[in-house]
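Engineer: Can you keep this structure in mind? I'll have questions shortly.
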Amino acid sequence: MMAGFYTVISANNLVKKVVGLNIFQTSVFMLYISMGKVDGGTAPIVADGVSLYSNPLPHVLILTAIVVGVATTAVGLSLIVRIKQAYGTVEENEFQNKDDAI
Amino acid sequence: MAVLIDLVLLAMLALTALRVIFLKDLFTVVMLFSIYSFLSAAIFVSLDAVDVAFTEAAVGAGISTVLMLATLAMTGRTEKESEHSSLLPLIVVFVTGAALVYGTLDMPPFGAPDNPIHEHVAPRYIEESPKEVGLPNMVTSVLASYRGFDTLGETVVVFAAMIGVITLLGVRRIGRQEEAETTGFIAHEVLRTVAKLVIPLIVLFALYVQFHGDFGPGGGFQAGVIAAAAIILYALVFGLSPALQVVAPKFLMLLAPFGVLLYASVGVYSMLQGGNFLDYNQLAADPIAGQHYGIIIIELGVGITVFAVMLSIFYAFASQVEGANIK
């Protein structure tokens with residue numbers, strides 16, 4: 001989680017920032033799913049002979065979160081492509097001085 | 001034994017994430033992200049979250065990686081050195097990490113069945129959902145029935161992402177045949193033969209996942225992504241122009257809103273029958289049958305929209321890459 005956070009803050013290239021953001025997101029999902037696990041339980045699909053299930057509610061929440069995450073990643077990456085076309089670069093230290101090169 | 005597997009997976013995960021920070025070659029960074037996503041899908045399986053693992057593997061290791069690689073094709077492969085020092089980010093990260101670890105010290109023991117999270121709502125869903133909804137997969141019954149409104153919102157978010165990407169990037173029309181270079185790997189015998197064999201199987205698997213989401217892991221999202229992956233494979237091997245002719249962008253732009261409309265119209269129909277919005281009990285004489293109809297139809301709507309959106313986004317990125325190459 002912290003590795004992803006560090007990459008988001010300190011990476012120079014915008015694509016690497018998006019990668020760091022995704023790593024951050026995935027590790028947050030792991031945190032939530034680990035809270036739902038029950039020792040000795042199984043996946044929350046009804047089956048004969050099983051009485052103890054893991055909690056299905058965090059799974060539902062994280063399913064939605066993953067899909068929304070990929071939606072925002074797609075929009076973010078297309079913004080990066082547009083930035084590249086407008087400024088010619090996606091390195092943070094290069095386009096900060098380049099206002100309105102369009 | 002299970003603990004050992006978890007530890008090994010977590011160690012590999014940490015190594016992958018740490019390596020991402022220091023690499024300047026962005027292609028490797030994206031590949032490491034794909035490995036990270038796949039490892040986390042394995043960890044989800046060992047944490048009993050099979051639906052989540054399925055979605056994470058399909059979406060994270062699949063679609064996200066393809067889109068990032070397409071972006072890299074346009075923005076360049078290496079990262080340049082940063083000018084400011086990394087001391088402040090390090091301090092911020094340490095402070096945040098310490099605060100998070102301190103917060104987790106208060107958490108109840110991992111996996112205990114009587115944790116507070118398992119009181120209240122969860123036992124009610126685990127016990128009542130086979131009787132009220134009648135599906136073996138509890139995650140699908142919560143996602144599609146009890147929390148169906150959230151899933152409608154999620155489908156609309158995915159649709160909005162497609163609108164955003166198409167507005168920003170645009171999709172190339174089919175008519176420009178004179179610019180059609182041979183892209184793809186059509187000259188490569190092995191890829192072509194294997195792709196011809198595998199693509200119908202992928203589509204079949206996507207349909208299986210779609211309709212079996214009630215009985216095992218799966219459902220609309222995973223099925224939509226897998227079906228989109230089949231067409232993406234076709235575009236990668238045989239070239240973008242043939243793929244644009246097989247599944248035209250205009251067709252996708254009709255499909256995506258159709259899925260959302262299908263979902264919402266199930267809700268409106270149940271209102272017209274006298275119930276609440278998205279109350280599936282109104283859809284048939286027997287409430288349980290009504291639940292089954294409702295869930296199958298809305299999962300179909302979700303699958304159609306996700307397929308159309310993922311493929312449109314890929315077309316948008318790929319047309320940009322082609323445009324860059326031609327210049």
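Values quoted throughout were computed directly from the atomic coordinates according to the rules given, and no laboratory measurement underlies them. The shown structure was predicted, so the numbers you read here are calculated from the model rather than taken from an experiment. For neighbour counting, all protein chains shown are included, and Cβ atoms are generated from backbone atoms with ideal geometry for every residue, glycine included.
Engineer: Alpha carbon centre of region B:4-19 versus region B:200-236: separation in Å?
Structural biologist: 29
Engineer: Say we join alpha carbon atoms closer than 10 Å with springs in a Gaussian network model of chain B; which of B:L87, B:L255, B:L201 then has the biggest fluctuation?
Structural biologist: For chain B, modelled as a Gaussian network with Cα springs under 10 Å, the answer is B:L87.
Engineer: Can you give me the orientation-averaged projected area of the convex hull built on the Cα atoms of chain A, in nm²? Each step should come with its number before you reach the end.
Structural biologist: Details: hull surface 31.7 nm².
Over every viewing direction, the Cα hull of chain A projects on average to 7.9 nm².
Engineer: In the Gaussian network model of chain B, springs joining C-alpha atoms below 10 Å, which of B:K80, B:K250, B:K24 carries the largest mean-square fluctuation?
Structural biologist: Of the options given, B:K80 has the highest mean-square fluctuation.
Engineer: With the Cα gyration tensor of the protein assembly as shown giving a ≥ b ≥ c as the square roots of its eigenvalues, does the rule (a/c under 1.5 for rounded; else a/b larger than b/c for prolate; else oblate) give rounded, prolate or oblate?
Structural biologist: oblate
Engineer: Apply the a/c threshold of 1.5 to the C-alpha gyration tensor of region B:1-80 and tell me whether it is rounded, prolate or oblate.
Structural biologist: Here region B:1-80 falls in the oblate category.
Engineer: Same structure, new question: First check a/c for region B:31-125, with a ≥ b ≥ c the square roots of the eigenvalues of its C-alpha gyration tensor; if it is under 1.5, answer rounded, and if not, answer prolate when a/b is larger than b/c or oblate otherwise. List each step's numbers first, then the result.
Structural biologist: Values: a/c = 3.62, a/b = 1.39, b/c = 2.60.
Taking the square roots of the gyration eigenvalues as a ≥ b ≥ c, region B:31-125 is oblate.
Engineer: Report, by chain and number, residues whose modeled amide H sits under 5 Å from the one on A:Y53, excluding near sequence neighbours (fewer than 5 apart, same chain).
Structural biologist: A:T42
Engineer: For region A:1-35 and region B:66-141, compute the distance between their C-alpha centroids and round to whole Å.
Structural biologist: One Cα centre to the other: 10 Å.
Engineer: Identify the chymotrypsin sites (Phe, Trp or Tyr not before Pro) of region B:93-154 meeting these criteria: DSSP loop state and at most 13 other C-beta atoms within 10 Å of the C-beta.
Structural biologist: Sites meeting the loop and neighbour criteria: B:F110.
Engineer: Which helices, taking whole DSSP H runs in chain B, have alpha carbons extending 24 angstrom or more along the helix axis plus mean Kyte-Doolittle at least 1.6? Don't skip to the end; give the middle numbers.
Structural biologist: Working: long enough: B:2-22 (31 Å, 2.45); B:26-46 (30 Å, 2.12); B:87-104 (26 Å, 2.10); B:148-169 (32 Å, 1.73); B:189-211 (34 Å, 1.70); B:220-238 (27 Å, 2.12); B:249-272 (34 Å, 1.51); B:287-326 (58 Å, 1.26).
The qualifying helices are B:2-22, B:26-46, B:87-104, B:148-169, B:189-211, B:220-238.
Engineer: Quick test of the membrane-span-like rule: which DSSP H helices of chain A reach at least 27 Å along their long axis (C-alpha atoms) with mean Kyte hydropathy at least -0.5?
Structural biologist: The answer, listed by residue number, is A:14-36, A:56-87.
Engineer: Using a 10 angstrom cutoff on alpha carbons, build the Gaussian network for chain A and name the most mobile of A:I45, A:I33, A:I62.
Structural biologist: Top of the fluctuation ranking is A:I45.
Engineer: So how do B:M138, A:M1 line up by other beta-carbon neighbours within 10 Å, fewest first?
Structural biologist: Ascending Cβ contact count within 10 Å gives the list A:M1, B:M138.
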